[in-house]
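Some notes on the structure that comes next.
Taken together, the values in this text are just the output of simple stated rules run on the coordinates, not laboratory data. This one's a predicted model, so the numbers in the text were calculated from it and none came from an experiment. Positions of Cβ are generated from backbone atoms using ideal geometry, with glycine treated the same way; all protein chains shown enter the neighbour counts.
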Amino acid sequence: MVKVAHLIPLFPFLAFAVNIFFGRRLREASALISIIACGISAVLSLVVFQGLQAGEGSYSLGTWLFLNGKPLNFGVTVDALSVMMLLVVTVVATLIKIYSVGYMHGDLRYSRYFAYISLFTASMLGLVLADNFVMLYIFWEGVGLCSYLLIAFWFERPAAAKAGLKAFITTRIGDTGLLIGILLLLFSTQTLYFSELKNIAGDDWILTLAAILIFMGAVGKSAQFPLHVWLPDAMEGPTAVSALIHAATMVAAGVYLVARTYALFILHPLCLEIVALIGGISALLAASIATVNNDIKRVLAYSTISQLGLMMLGLGVGGYAAGTFHLMTHAFFKALLFLCAGSVIHSVHTQDIQKMGGLLSKMKVTGATFIIGTLAIAGVPPLSGFWSKDEILTAAWHNGSPVLFWLAVATSFLTAFYMARLIFLVLFGKPRSEMHPSESPKTMTVPLIILAVFAVFAGFIGSPLMHHAFQEFINEGHGGEVVASGFVIGLSIAVSLAGIGLAYLFYVLNNKIVPSGIRAQFAWLHQLLLNKYYIDEIYDAVFVRPCMRFCDFLFKFDAVVVDGLVNGAGAAVRAVSQVLRWVQTGLVQNYLLVQVLGVILFVLTLLGKLCFRF
């Protein structure tokens, strides 16, 4: 049954091909083609899941090329991790495409949108199924290309064009590290197959460096510090694209890469420590910025960076199942949150939460599902985020340092605070501007309801109520998970409720956007967070402006020196030709005169030498 796995990315790719070549004729039908193709892939993913349960596994489609005399096959990875990702990507992508029918209705590039989003889905599915680094890297770059095309989809807007370019360049930095890491791994182990990583022994410094460079690729794709700056700007794209990028494709690829190559990271403790530390810093940094941001999509963008940081932290402290479990639950509630945000924007035509308020009474389905998604990401029991977040906290408590554990706890508190702040300002209170909101069409609200169901119940498969079924399924050769203690569970619930309570105190009881007393006392901190720790400004001063000055120098050097040499050589030839042109008159008497003068000069020279000799 698993032998149909290679067909899963094929159907979205065919939808891309049909829509890109015949989109103008198909128009509205392009959406139906894309949805059906992704739905078929979802059904095939279920078939592969059943085959995996029956004991079937990875397979090869044949030899592609030879490296150092060894065959590199078109292989398909079918294991617990890949099947979990297949189900998540296909289900979430299908729902997002259904939602897009209403959200993108009337857009001039409607069919092109569905072509790009189908290619995006196909690239991510191909990445998940790749059984070696070469195939993974090809699809990895495909995901990067599609993200650029979709972030800059409304390229007539300067901000969207710049955001797409920023995302493309920033992720290229990480991708360069990934490529070098792959080459180092090939040099050291003579293999590029994921299945052979578990057979590598020792802590060779080359392998350690290769793992760190591979993680650099994950940092770029998953928007982790210090390469996180592209993701908030990526909100210039359509909201449905943001949902797909944040939930199931682009940023999820980085966490998937670390999980897929986990056998390489556990060879040396330093590698896991770096993963955990970068994850912890990213989680807290992004969560703190989200507490003051007033753009509904950017708040969710920073929450994505933060939640991905928690996943990295979980993987870094040895919580393989914890990190992958949160990757799964996050896909559902983050897709839900972004689609709810899109529904709000579609209705009120603004992304500024300071101009919203009181929308729950006008948009009941959107509001109710938005609240469910918020409670899930805040870690309120018994929603899905509670179970997966507790797994990470437990792994950090038992295996990580106290610093990492309290970083995760602080992130959990801030997550509950900024998400509750978002809900209170958007859905409750009185409207703060003139607007006439109305509920979105059913093509947009039905996916919200389905995702809300997943956000509520998906976490139960990793809970004690189902005997930690997810952990049993995913932990192939990576060891068992520790059982959560009462202290960790109690602390997790307490910080979540405390964050929500503090937001309620600030934004409901006081009924102010930002309490004046807090702003006056912590004005410097508010300004620091509002300017995102000035990281963009630092990068601009340290990298962008010097690079632009260097490019300006090269331009002037090319114009003055290089062009000067070329043009100077041409001018010299032109001057010589002008002299020769003056001599070459075409009159015979002039030529005879020159010959006579030449003979006279020759004779005088000869006589001069003879006189000098005597």
> Any idea what angle helix 205-221 forms with the longest principal axis of the chain, computed on alpha-carbon atoms, 0 to 90 degrees, nearest 10?
Replying inline: 80
> When the chain is fully extended, how far beyond the present Cα-Cα distance does Arg432 get from Gln354, taking 0.36 nm per residue of separation?
Replying inline: 27.4 nm
> Given Lys364/Lys442; Lys166/Lys334; Lys97/Lys389; Lys97/Lys442; Lys297/Lys355; Lys166/Lys221, which pairs have Cα atoms separated by over 18 Å?
Replying inline: Lys166/Lys334; Lys97/Lys389
>> Just to confirm my numbers, what's the Cα centroid distance between segment 357-388 and segment 6-42 in Å?
In response: 32
> By how many degrees, 0 to 90 and rounded to 10, does the Cα axis of helix 545-557 deviate from the longest principal axis of the chain?
Replying inline: 20
> If amide H atoms are built 1.01 Å from N in the plane of the peptide, which residues on other chains or at least 5 residues away come under 5 Å of the amide H of Met356?
Replying inline: Arg432
> Just how large is the dipole of the chain about the Cα centre, in debye to the nearest 20, putting +1 at every Lys and Arg Cβ and -1 at every Asp and Glu Cβ?
Replying inline: 1840
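What is the calculated FRET efficiency for Val561 to Val588, with r their C-beta to C-beta distance and R₀ = 35 Å, to the nearest 0.05? Working shown, then result.
Details: r = 47 Å, r/R0 = 1.33.
Efficiency computed from Cβ-Cβ geometry: 0.15.
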>> Between 0 and 90 degrees, rounded to the nearest ten: what's the tilt of helix 158-189 against the longest Cα principal axis of the chain?
In response: 90
> Got a sec to turn the phi values of segment 523-533 into Karplus ³J(HN,Hα) couplings, 6.51 cos²θ - 1.76 cosθ + 1.60 with θ = phi - 60°, whole Hz, x for Gly and Pro?
Replying inline: 4, 5, 5, 4, 5, 4, 6, 4, 9, 6, 6
> What nm value, rounded to one decimal, do you get for the distance between Glu156 and Arg545 when each label is placed 7 Å out toward the C-beta?
Replying inline: 3.5
> Can you give the calculated 222 nm mean residue ellipticity of the chain, where each DSSP H run of n ≥ 4 adds -39,500 (n - 2.57) and the sum is split over every residue, rounded to the nearest 500 deg cm²/dmol?
Replying inline: -23500 deg cm²/dmol
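Using Cβ contacts closer than 10 Å as the measure, can you line up Leu606, Leu213 from fewest to most? Write out the running numbers ahead of the final one.
Working: Leu606 10, Leu213 20.
With the fewest neighbours first, Leu606, Leu213 line up as Leu606, Leu213.
Calculate the dipole size of segment 304-442 relative to its Cα centre from +1 charges on Lys and Arg beta carbons and -1 charges on Asp and Glu beta carbons; express the result in debye to the nearest 20. If you can, show how the numbers build up before the last one.
Numbers: 9 positive and 5 negative charges, 77 e Å.
It comes to approximately 360 debye.
In what sequence do Ile489, Ile151, Ile214, Ile182 fall when counting other Cβ within 10 Å, fewest first?
Details: Ile489 15, Ile151 30, Ile214 27, Ile182 20.
Exposure proxy ranking, most exposed first: Ile489, Ile182, Ile214, Ile151.
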>> For segment 161-193 and segment 219-251, what is the centre-to-centre distance using only Cα atoms, to the nearest Å?
In response: 17
> For segment 535-541, in order, what is each residue's ³J(HN,Hα) by Karplus, 6.51 cos²θ - 1.76 cosθ + 1.60 with θ = phi - 60°, in whole Hz (x at glycine and Pro)?
Replying inline: 5, 4, 5, 5, 4, 5, 6
>> Under 5 Å between amide hydrogens, which residues at least 5 positions from Asn73 or on another chain qualify, with H placed 1.01 Å from N in the peptide plane?
In response: Trp64
>> Amide H of Tyr59 versus every other amide H placed in the peptide plane: which residues, excluding those fewer than 5 positions away on the same chain, fall under 5 Å?
In response: Val76, Val78
>> Please give the Cα centre distance for segment 304-356 versus segment 544-561, rounded to the nearest Å.
In response: 42
> For the charge dipole of segment 373-477, defined by +1 on Lys and Arg C-beta atoms and -1 on Asp and Glu C-beta atoms about the Cα centroid, which residue among Pro441, Ser388, Ser401 has the Cα displaced farthest towards the positive pole?
Replying inline: Pro441
> Taking other Cβ within 10 Å of each residue's Cβ, how do Met135, Met84, Met250 sort, fewest first?
Replying inline: Met135, Met84, Met250
> Residue by residue, what Karplus-based ³J(HN,Hα) values in Hz, rounded to whole numbers, does segment 47-58 have, using 6.51, -1.76 and 1.60 with θ = phi - 60° and x for Gly and Pro?
Replying inline: 4, 5, 4, 5, x, 5, 5, 7, x, 7, x, 5
>> Tell me which of Val299, Ser577, Ala161 sits at the most positive position along the dipole axis of the chain, charges placed on C-beta atoms (Lys, Arg +1; Asp, Glu -1).
In response: Ser577
> Regarding the chain, what are the three Cα extents along the principal axes, ordered largest first, in Å?
Replying inline: 123, 64, 56
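Want the number for Gln521 to Thr605: 0.36 nm per residue separation, take away the alpha-carbon distance, what's left? Spell out each step's value before the answer.
Numbers: separation 84, 0.36 × 84 = 30.24 nm, distance 9.93 nm.
Answer, rounded to one decimal: 20.3 nm.
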